Amino acid sequence: MPKVEMKKLYLLAHQEEQEKIMGLLQKLGTVELVDVQSSPEWEGMKPLMEPDQPAEQVGQLETRLGEVRYCLDFLQRYYPEKKSFIQQFAGSKFELSPEEFNSYIARQQTVAEACAACREAEERLSQIRNEEVLCRNSLAELNPWSSMDLPLEEIQATSRTRICLVVVPVNSLDSLQEALTDKVRDYYLEVVSRDKDQAFCFLAYLLDDQPLVQEACKAAEASEVSFSKFKGTAAEVIAGVNQSLQLLEEEKIAVKDQAEQLLVHRPLLMAYYDYLQNELNKQEAITNLARTEAAFYLEGWVPVPALPGLKTSLEEQTKTSVLIMRDPGPEEDYPILLHNQGPTEAYEVVTRLYGSPSKKDLDPTPLMAPFFFACFGICLSDVCYGALLSIIAYMLRRKMKLAGMGRQLVNLLFWGGLSSIIFGILMGGWFGDLIPIKPLWFDPLGDPMRMLIFSFIVGIIQIYFGMAIQAYRNVKDGKPWDALFDQGGWYLFLTGLILLIVPGGGEIGKWAAIAGALVLILTQGRSQKSIIRKLLSGLLSLYDVTGFLSDVLSYSRLLALGLATGVIASAINTMGGLLANSIVGILIMVVLLIGGHIFNLVISTLSSYVHTSRLQYIEFFGKFFEGGGKAFQPFQIKTKFVDVEEREAC
């Protein structure tokens, strides 16, 4: 099966070669390191070894990495990279040869200067922003007083009088004036300006009346404002503040123009970031190792197909390394690596999104792939949509250097497009009904009941196949009676129930259902101790038939999605046809048809993928697949920005 065989690896070498060996393992990317302290062999080695520690340079690497990240974030914030739709979907790493990459990481001084310049520019821009905030706050405070001719520095107390500026709620202004008139001998109150909520007033009074004035202001919720830090009239100060804002804006542009010159170093910073991150990963991986005064020791897992290359590289590039292999123990968990080939590989992404199989599981990918292919095509079921989807996926695959799940997903869409072409021909979908070509089989819009029955048949076949896989697993695990009583009993019972509704199969179906029910009643409680519990458990197990019914009914989504694709496409065509009565109408029709069908293609493809995946995860995997395995995660070079050919650098 497509699960790759794994070997446990033990490697012992001299301390002087640790850096070289760790770099080699990282470059090869074929070994998953194991923390030696979690290994069952550690107790026996504990008296001889101690856990290894990363070098002191880890702190320096983290600091340098943080500086480069800060610089890249600064450039991205002010000068974001423009990415095409394809780049946004598939990533936008730029390619470097090993020589170019090595020349980049040798320019440490340039990186340091660029980081310092970015930090200096960011600090000055931050200062400018703070100063702009202060200026705008000052403008907000001063604008209501702009019509006042009195210089702000002259608004102060004299030996006998006090002059001040107060802000009064509009609905309290009359009450303030009445209180001042009743209680204060001499005062002067002038409304300088007002808005819908507040009145901005000039107030002068004798110092002897200050307690009375304060009491009146408090009752009216009036607050005093002060502009002692300003000189000149409010209008003059506002003009000065606006001039300061203009100067700050000019300085900000100058700082950004100067920072923009750093964009030439962005590729260098990206390459250096990836280099530092991989160096840091290498140092942190050392915590999984053990050491003595002269040697170091590591454990890991390696796929069997990668063993020859690993052995050859260690023999050619190291002098002191000793490599030992063994098979996994019966109860030992090991990482799972899937390796499907051909069209089946595309469907690994579906399995990996669900979870890795356990060591006892079969890889469900090749078992699920034909059903996913068919169900996706039934949901989309349009020749033109399928052709467009396959062409787009093919272009993405050719244009972008995709790897891993991204490449598998694009390949899955390619095969999904081909499936849609097949079922579109069978069911007559050509941009809906835009191209009047008769279906090779039948039209789901004209015969939805036939389509529903077909969907149920697909579901029954896949569910039966899932039960057969579980029966195979039981036999393989040395439990043939479980396969006979559990899967065999359900096969007999469910097939009998199905035959009851098939014309001419009633008599056979009745006896098959009765026989299957008896098998289930007599065997499904066999793990119970008492006879009564055995019979009750067996009887209650018949209730699980509702689960099988629910699983089959779930396949009605194939009908719903297939019809939805066709109905939406036909509706778009109908709306477009209503406009084709003039030149302008024809132009609008063309735009409507193109935009509408692109929209329908997108949502129908998304729906087809999501609901087909759901059928595999719930209705199919639930019959035999346990999951819970740990995916193989090798110690390898990982880059965020740079794609180095042959991975010869780092």
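The values are calculated or read from the model by the stated rules, or taken from the named source; none is laboratory data. The shown structure was predicted, so the numbers you read here are calculated from the model rather than taken from an experiment. Cβ placement follows ideal geometry from the backbone for every residue including glycine, while neighbour counts extend to all protein chains displayed.
Per this entry, SER126 is counted among residues that are assigned to a helix (DSSP H, G or I), under 24 Å from LEU262 (Cα atoms) and not hydrophobic (A, V, I, L, M, F, W, C). Just so you know, in the stretch 393-436 the residues that are within 20 Å of the chain's Cα centre (by Cα) and of a type in the set (D, E, K, R) include one that is surrounded by the fewest Cβ atoms within 10 Å (Cβ to Cβ), and it is LYS401. Taking the stretch 244-291 as the range and being over 30 Å from the mean Cα position of the chain (by Cα), within 25 Å of PRO80 (Cα to Cα) and among the charged types (D, E, K, R) as the test, the residues that pass are GLU249, GLU250, GLU251, LYS252, LYS256, ASP257, GLU260. Residues in the stretch 8-17: is at least one among the basic types (Lys, Arg), surrounded by fewer than 18 Cβ atoms within 10 Å (Cβ to Cβ), out of contact with any Asp or Glu (no Cβ under 6 Å at 6 or more places or on another chain) and more than 14 Å from THR287 (Cα to Cα)? No, there is no match, as no residue in the stretch 8-17 is among the basic types (Lys, Arg), surrounded by fewer than 18 Cβ atoms within 10 Å (Cβ to Cβ), out of contact with any Asp or Glu (no Cβ under 6 Å at 6 or more places or on another chain) and more than 14 Å from THR287 (Cα to Cα). Annotation: of all residues in the stretch 593-616 being within 22 Å of ILE469 (Cα to Cα) and crowded, with 17+ Cβ neighbours inside 10 Å, the one that is nearest to the chain's Cα centre (by Cα) is SER613.
For GLY300, are the conditions met, namely being buried (at least 18 other Cβ atoms within 10 Å of the Cβ) and either under 36 Å from the mean Cα position of the chain (by Cα) or assigned to a helix (DSSP H, G or I) (or both)? Give the steps one after another, and end with the answer.
Working: buried (at least 18 other Cβ atoms within 10 Å of the Cβ): yes; either under 36 Å from the mean Cα position of the chain (by Cα) or assigned to a helix (DSSP H, G or I) (or both): yes.
Against the criterion (buried (at least 18 other Cβ atoms within 10 Å of the Cβ) and either under 36 Å from the mean Cα position of the chain (by Cα) or assigned to a helix (DSSP H, G or I) (or both)), GLY300 qualifies.
The one condition from (1) touching a residue at least 12 places away in the same chain (Cβ under 8 Å); (2) under 35 Å from the mean Cα position of the chain (by Cα); (3) assigned to a helix (DSSP H, G or I) that GLU95 does not meet is (3). Among the residues of the stretch 555-574, those identified as of a type in the set (A, V, I, L, M, F, W, C) and in contact with a helix residue (DSSP H, G or I) (Cβ under 6 Å, 6 or more places away or on another chain) are LEU558, LEU559, LEU561, ILE568, ALA569, ILE572. Residues in the stretch 185-235 that are of a type outside the set (Ser, Thr, Tyr), in contact (Cβ under 8 Å) with a residue 12 or more places away in the chain and closer than 12 Å to LEU152 by Cα: PHE202, VAL225, PHE227, PHE230, LYS231, GLY232, ALA234, ALA235. As a summary of the residue check, SER604 satisfies the conditions (1) without any contact (Cβ under 8 Å) to a residue 40 or more places away in the chain; (2) within 17 Å of SER419 (Cβ to Cβ); (3) small (Gly, Ala, Ser) except for the one numbered (1). Selection of the stretch 303-345 for residues being under 26 Å from GLN18 (Cβ atoms), of a type outside the set (A, V, I, L, M) and in a helix (DSSP H, G or I) yields PRO308, GLY309, LYS311, THR312, SER313, GLU315, GLU316, GLN317. One residue is enough: does the stretch 629-637 have a residue meeting the conditions over 30 Å from GLU332 (Cα atoms) and under 30 Å from the mean Cα position of the chain (by Cα)? For the stretch 629-637, residues over 30 Å from GLU332 (Cα atoms) and under 30 Å from the mean Cα position of the chain (by Cα): absent.
A residue that is assigned to a helix (DSSP H, G or I), of a type in the set (Val, Ile, Thr) and under 18 Å from GLN636 (Cα atoms) occurs nowhere in the stretch 26-39.
Are any of the residues in the stretch 404-422 of a type in the set (D, E, K, R) and in contact (Cβ under 8 Å) with a residue 60 or more places away in the chain?
no
I need the full set of residues from the stretch 209-222 which are within 18 Å of VAL191 (Cβ to Cβ) and either loosely packed, with under 13 Cβ neighbours inside 10 Å or among the aliphatic types (A, V, I, L, M) (or both), in order please. Across the stretch 209-222, the qualifying residues are VAL213, ALA216, ALA220, ALA222. For the residues ALA290, ALA294, ALA346, ALA285, the requirement of being at pLDDT below 95 and buried (at least 20 other Cβ atoms within 10 Å of the Cβ) singles out ALA290.
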